[in-house]
Amino acid sequence: MGEVRLTSAATDRGAEQAPGRNKNDSGQEAGRGRSGRGSRRSRRGAAFAVWYLRAVTFVNFLSAVWVSLGQDLREHNTADFYTPYLLTAGFASGLFSLLLAVTMGRRKRAAWILNLVLGGVLLLAFAVSAFTGYYPPFREHAQNWVSLVLTAAFVGALLLGRHEFYAKGDRSNPKLAVAVAAVGLLLTSLVAALLVGATNTDPDAADAPFLARWRYGVMRLITLAPDDRAYNAITTPGWVDVFINVMSMMLLLAVLFAAFRSRRAVDPITEEDEERLRALLAKQGDRDSLGYFALRREKSVIWSPSGKAAVTYRVVGGVSLASGDPIGDPEAWPGAIEPWLAEAREHGWVPAVNGASEEAGQIYARHGLDALELGDEAIVETAEFTLEGRAMRTVRQAFNRVKRAGYTVRIRRHADIPAEEMDELVRRADDWRDGATERGFSMALGRLGDPADGQCVMLECTDGNGDLRALLSFVPWGSKGLSLDLMRRDRDSENGLMEFMVIELLERSKEIGVTQVSLNFAMFRSVFERGSKLGAGPVLRMWRSLLSFFSRWWQIESLYRANAKYRPIWEPRFMLFEKSSDLLRIGIAAGRAEGFLEAPGLPKWLHRRHLETHR
């Protein structure tokens, strides 16, 4: 496994503009001024500002563990000594400068404004001290002049690179930051007052009223060391002051996070968007087995200027996560990809694509995205599938065993199922769901039973007594294909029931006019396949062992084995990204979107069932 760069010839038709487009319609041309592609001096200024903050972060963290260095730096913050912008030494200041470095690296406009204001104020103080004679001792120390030069260089770099910091935050950020600061300061100051009262060892502690203790806590929160002479009846252990200062730093980081957070709320797919997407799928739906999943209604959509292509995506944790290939004509794909990337840059989102095909990856690569192979999709051509032969002996025996047990399968389009029966099927599917979270994003529709999905196919498996024991639902893949959406079964049913149902579908596919079926996605399939062969290297074997270990919880290897028994055609799928440093963040966002990871939020019992949400 490794990073794969997808390339293609420059003369490929996908690089051409869609008919009727012009430069003003192109997201790349229109967004060029806001995409970090200004003048060379502007880019260098922005780069210097970001790297300065990274260097300050490193020194601050280093001084937190290197005691003598930290003492020397803190000495330059007292008396007649000064340090450059943000170089104050210590872990807390390191966290502060790290947050600013990260947000500046994401081109956040709010972070640029904050740095310019703070850096400008400090530079003004240095300049007044150095050139007006207002504070003569400033000139006596050479390091103060170094601080002046470095701070001036940083502020100058901010001004020079001002056009490179274009990413907008959410409109509610200022109000949210003020609310977090006000509520946070009130709560932390009350905690500090109670803690001071409980640990006050001063002989005159009884003379310190609650208001004095609260005021002491507030001053500890907003300064590192308040004037102890103003609080004669308060004496606290050192760890109390440290704890209050830690609360202060956490509150500051929370305020900055609220002020710099990316825009989260996006416009979901409208009814008009859904109709247009369905029209594109009717024309071009045969190209991608995951195309129908673009109709998930929590996604947003960006259209090409010609309306012949679209990218659907969802913003999760500051990642603009698209899935599968763009919808529509491949010649128009660039017209949708460019405005999607431009929007991501405008809001400071990290662009990524989960589950793209190789064809789409080649076109995305022209727009600066790299590829990482995630695994393979199992596709079965129904005309070529057979249970005959020695290789299918185990599968054939399992199929016959379930059939002899009296199980039968009913295959119907969703549109042919009466509403009362569909409601019962949805209820049973919810009862059999593994966990409270409805999983899926790139390869699941997430709304079983919606009347708009009448062309989906339902498989209902009943036992010898006529009781429903399992369900499979497939979405359309063009006019003659199906793509697996949902698998649910009663835990007390016969083993091998899902395999029995899939084989029934493959053997009876002519009844519903199906020629190809896309089954489960096998993540890292090539690792399991090559890692078990003779001559596999130590790195590949170690990687396979690691994945096998995690398969105990995430069924990575079992999904591969379950698909391999049908002897499918394996089609690779890719994760596309701009920077390798964003892969961890993208992976977390993808895990949250797919339902494998959960962010803190409302209790699960407050969430409505998926049927109520999507109908």
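The values are calculated or read from the model by the stated rules, or taken from the named source; none is laboratory data. For clarity, every value in this text was computed on a predicted model and none was experimentally measured. Every residue, glycine among them, receives a Cβ derived from its backbone with ideal geometry; neighbour counts consider all protein chains shown. To get the accessible areas, we keep the full protein, side chains included, count just its heavy atoms, and leave off ligands, DNA and RNA. Shrake-Rupley method; radii C 1.70, N 1.55, O 1.52, S 1.80 Å.
Limited to the stretch 151-182, what total is found for residues that are surrounded by fewer than 20 Cβ atoms within 10 Å (Cβ to Cβ), touching a Ser or Thr at 6+ places or on another chain (Cβ under 9 Å) and assigned to a helix (DSSP H, G or I)?
Going through the stretch 151-182 one residue at a time, the tally reaches 3.
Are any of the residues in the stretch 397-419 among the basic types (Lys, Arg), part of a helix (DSSP H, G or I), within 18 Å of Glu507 (Cα to Cα) and touching a residue at least 24 places away in the same chain (Cβ under 8 Å)?
Taking the stretch 397-419 and keeping what is among the basic types (Lys, Arg), we get 401, 403-404, 410, 412-413.
The next check asks that each one be part of a helix (DSSP H, G or I); those that pass are 401, 403-404.
Adding the requirement that they be within 18 Å of Glu507 (Cα to Cα) leaves 401, 403-404.
Subset that is touching a residue at least 24 places away in the same chain (Cβ under 8 Å): 401, 403.
Scanning the stretch 397-419, I find at least one residue that is among the basic types (Lys, Arg), part of a helix (DSSP H, G or I), within 18 Å of Glu507 (Cα to Cα) and touching a residue at least 24 places away in the same chain (Cβ under 8 Å), so the answer is yes.
Just checking, how many residues over the stretch 369-389 are in a loop (DSSP other than H, G, I, E, B) and more than 17 Å from Glu499 (Cβ to Cβ)?
Summing the residues that are in a loop (DSSP other than H, G, I, E, B) and more than 17 Å from Glu499 (Cβ to Cβ) in the stretch 369-389 gives 1.
Is one or more of the residues making up the stretch 105-120 crowded, with 18+ Cβ neighbours inside 10 Å and more than 28 Å from Ser39 (Cα to Cα)?
No, every residue in the stretch 105-120 fails to be crowded, with 18+ Cβ neighbours inside 10 Å and more than 28 Å from Ser39 (Cα to Cα).
Identify the residue in the stretch 323-360 that is without any contact (Cβ under 8 Å) to a residue 40 or more places away in the chain and not in a helix (DSSP H, G or I) and, among all such residues, is surrounded by the fewest Cβ atoms within 10 Å (Cβ to Cβ).
Residue satisfying both the conditions and the ranking: Asp325.
Can you tell me which condition Asp207 does not meet? The list is (1) open to solvent by 30 Å² or more (accessible area, probe 1.4 Å); (2) modelled with pLDDT of 75 or more, and all the others hold.
Here Asp207 clears every test but (2).
Which of the residues belonging to the stretch 129-150 are assigned to a helix (DSSP H, G or I) and not aliphatic (A, V, I, L, M)? So that I can check it myself, show each step before the final result.
Restricting attention to the stretch 129-150, the residues satisfying the condition of being assigned to a helix (DSSP H, G or I) are 129-131, 136-140, 142-150.
Scanning the stretch 129-150 gives Ser129, Phe131, Pro136, Pro137, Phe138, Arg139, Glu140, Gln143, Asn144, Trp145, Ser147.
Just wondering, is there one or more residues in the stretch 556-565 that are outside any loop (DSSP other than H, G, I, E, B), at pLDDT below 65, surrounded by 14 or more Cβ atoms within 10 Å (Cβ to Cβ) and acidic (Asp, Glu)?
Yes, the conditions are met somewhere in the stretch 556-565.
Go through the stretch 310-322 residue by residue and tally those that are in a strand (DSSP E or B), within 12 Å of the chain's Cα centre (by Cα) and not polar (S, T, N, Q).
Matching residues across the stretch 310-322 total 7.
Counting only residues that are more than 12 Å from Ser323 (Cβ to Cβ) and outside any strand (DSSP E or B), which one in the stretch 290-309 is least open to solvent (accessible area, probe 1.4 Å)?
Among them, the one singled out is Ser304.
Go through (1) open to solvent by less than 50 Å² (accessible area, probe 1.4 Å); (2) touching a strand residue (DSSP E or B) at 6+ places or on another chain (Cβ under 6 Å); (3) more than 17 Å from Ile512 (Cα to Cα); (4) touching a residue at least 40 places away in the same chain (Cβ under 8 Å) and name the single condition Arg489 misses.
Of the numbered conditions (1) open to solvent by less than 50 Å² (accessible area, probe 1.4 Å); (2) touching a strand residue (DSSP E or B) at 6+ places or on another chain (Cβ under 6 Å); (3) more than 17 Å from Ile512 (Cα to Cα); (4) touching a residue at least 40 places away in the same chain (Cβ under 8 Å), the odd one out for Arg489 is (1).
What tally of residues in the stretch 123-144 results from selecting those that are open to solvent by 50 Å² or more (accessible area, probe 1.4 Å) and in contact with a helix residue (DSSP H, G or I) (Cβ under 7 Å, 6 or more places away or on another chain)?
3
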